[in-house]
Every structure is written in structure tokens, then in C-alpha cells.
1. Among the residues of region 120-134, which ones are surrounded by 20 or more Cβ atoms within 10 Å (Cβ to Cβ) and out of contact with any Leu (no Cβ under 9 Å at 6 or more places or on another chain)?
2. W25 fails exactly one of the following numbered conditions: (1) assigned to a helix (DSSP H, G or I); (2) under 20 Å from C118 (Cα atoms); (3) in contact (Cβ under 8 Å) with a residue 40 or more places away in the chain; (4) open to solvent by 40 Å² or more (accessible area, probe 1.4 Å). What is the number of that condition?
3. Report, by residue number, each residue of region 123-158 that is closer than 24 Å to R15 by Cα, without any contact (Cβ under 8 Å) to a residue 40 or more places away in the chain and assigned to a loop (DSSP other than H, G, I, E, B).
4. Which is part of a helix (DSSP H, G or I), out of contact with any Cys (no Cβ under 8 Å at 6 or more places or on another chain) and either open to solvent by 60 Å² or more (accessible area, probe 1.4 Å) or without any contact (Cβ under 8 Å) to a residue 40 or more places away in the chain (or both), of I11, I36?
5. On the given criteria, is A46 under 30 Å from L14 (Cβ atoms), at pLDDT 90 or above and under 17 Å from the mean Cα position of the chain (by Cα)?
6. Out of L28, L8, L38, report the one residue that is more than 17 Å from I125 (Cα to Cα) and modelled with pLDDT of 95 or more.
7. Does P107 count as modelled with pLDDT of 85 or more and open to solvent by 70 Å² or more (accessible area, probe 1.4 Å)?
8. Would you confirm whether any residue within region 62-83 is at pLDDT 95 or above, farther than 21 Å from T146 by Cβ and open to solvent by 40 Å² or more (accessible area, probe 1.4 Å)?
Amino acid sequence: TSLATLLLLPIAALRGQLRPLLPRWRPLLVYTVVEICLPWILLGYAEQDLSSSLTGLLVAAVPLVGAVLVKVTGHEPMAPRRVLGLLVGFGGVAALVGFDVGSSSAPAVAAVGLVAVCYALGPLILARHLADLPSLGVVAASLAITAVIYAPIGLLQLPDEAPGADT
């Protein structure tokens with residue numbers, strides 16, 4: 001996130017795409033936490049116990065969770081044909097990646113479930129509160145906020161000594 005911030009933030013600033021974000025810093029912060037900060041931490045945790053295929057399958061539930069959120073919030077009608085399409089798509093992902101639950105743990109599955117909720121909620125926040133803002137500015141600012149939030153976590157996990165040649 002720091003490297004992406006170093007690359008994108010100056011470009012967004014030069015294009016004047018950061019200043020329009022200032023009045024909407026609260027929804028930007030919520031979007032950043034929901035779409036980037038929490039999912040990346042949770043996926044890092046979950047991937048230590050889950051297979052990549054199971055993680056992929058669980059993350060593929062994002063459109064299903066999104067459909068439920070859209071239905072609950074009344075943002076869009078959900079016709080039966082759309083629901084069927086989502087289920088067929090999810091089934092296709094399941095057929096491609098498999099369903100390896102042999103070494104899974106409930107907390108790790110719950111973490112990826114929360115990731116799916118976050119990834120479904122993020123675009124709703126974006127569409128309702130940030131859609132008229134410059135996308136490069138939103139992305140650059142979100143990555144910068146994430147880098148600031150992650151910095152203390154990273155600093156606390158620095159090794160005592162530099163990695164050796166074996167590493």
C-alpha cells in the first residue's frame with residue numbers, strides 16, 4: 001500500500017483529484033476500511049489455515065452477498081432470473097476451484113465470510129457516497145489511508161535483525 005501510495009498520490013494530486021475528496025472524508029474512510037483494510041488483514045489471517053481453492057470459493061460469494069445487501073437496502077429489485085444467474089455463477093466457480101474443506105478452521109472461514117461482506121459493502125458505499133468523485137483520487141487516497149493504518153502494525157512486526165542469505 002505504501003508503494004502504491006507513492007506512485008498514485010502524486011499523480012492524483014497533480015491532476016487535482018484529491019481536493020474534491022476532503023468534504024467527504026468520512027465515507028472515504030469507511031470505504032477504505034471496508035474495502036481495503038479489513039479484507040486484506042482478514043485474508044492474510046485466513047490463508048494461513050484455508051486452502052486457496054476454498055478461499056477462492058468463499059470470496060466468489062461476494063456477488064451473492066451483494067445481491068442480499070441490495071435487496072435488503074431496497075437499492076435494486078432482484079428478479080428471479082438475476083438470482084439464478086448468481087447461483088449458476090457461484091456453482092461454476094465451485095466446479096473450477098473445488099471444495100477442499102479438509103483442513104479448514106471455523107474462524108478462518110468466518111474471516112473470509114466477513115471479507116465477502118466487506119467486498120460487497122464497499123461498492124455500495126462507493127456508489128452511494130463517492131460515485132461523483134474522481135476515481136483515481138479515491139483509490140490513491142484510500143491506499144494512502146491504508147498505508148497510514150497499516151504502518152504501526154508493520155513496525156510492530158519488524159524482525160530484530162535483517163534476514164540472512166538463507167531467507
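1. Hit for region 120-134 is G122, nothing else.
2. Condition not satisfied by W25: (3).
3. Correct list: A131, D132.
4. I11 is the lone residue from the list that is part of a helix (DSSP H, G or I), out of contact with any Cys (no Cβ under 8 Å at 6 or more places or on another chain) and either open to solvent by 60 Å² or more (accessible area, probe 1.4 Å) or without any contact (Cβ under 8 Å) to a residue 40 or more places away in the chain (or both).
5. No, not satisfied.
6. Exactly one of L28, L8, L38 is more than 17 Å from I125 (Cα to Cα) and modelled with pLDDT of 95 or more, namely L8.
7. yes
8. Checked against the condition, which is being at pLDDT 95 or above, farther than 21 Å from T146 by Cβ and open to solvent by 40 Å² or more (accessible area, probe 1.4 Å), region 62-83 yields no hits at all.
The values are calculated or read from the model by the stated rules, or taken from the named source; none is laboratory data. Everything numeric here is computed off the predicted structure, so don't read it as measured data. Counting neighbours? That spans all protein chains shown, and the Cβs are built from the backbone with ideal geometry, glycine included. The area values use the complete protein model at the heavy-atom level, side chains included, leaving out ligands, DNA and RNA. Shrake-Rupley method; radii C 1.70, N 1.55, O 1.52, S 1.80 Å.
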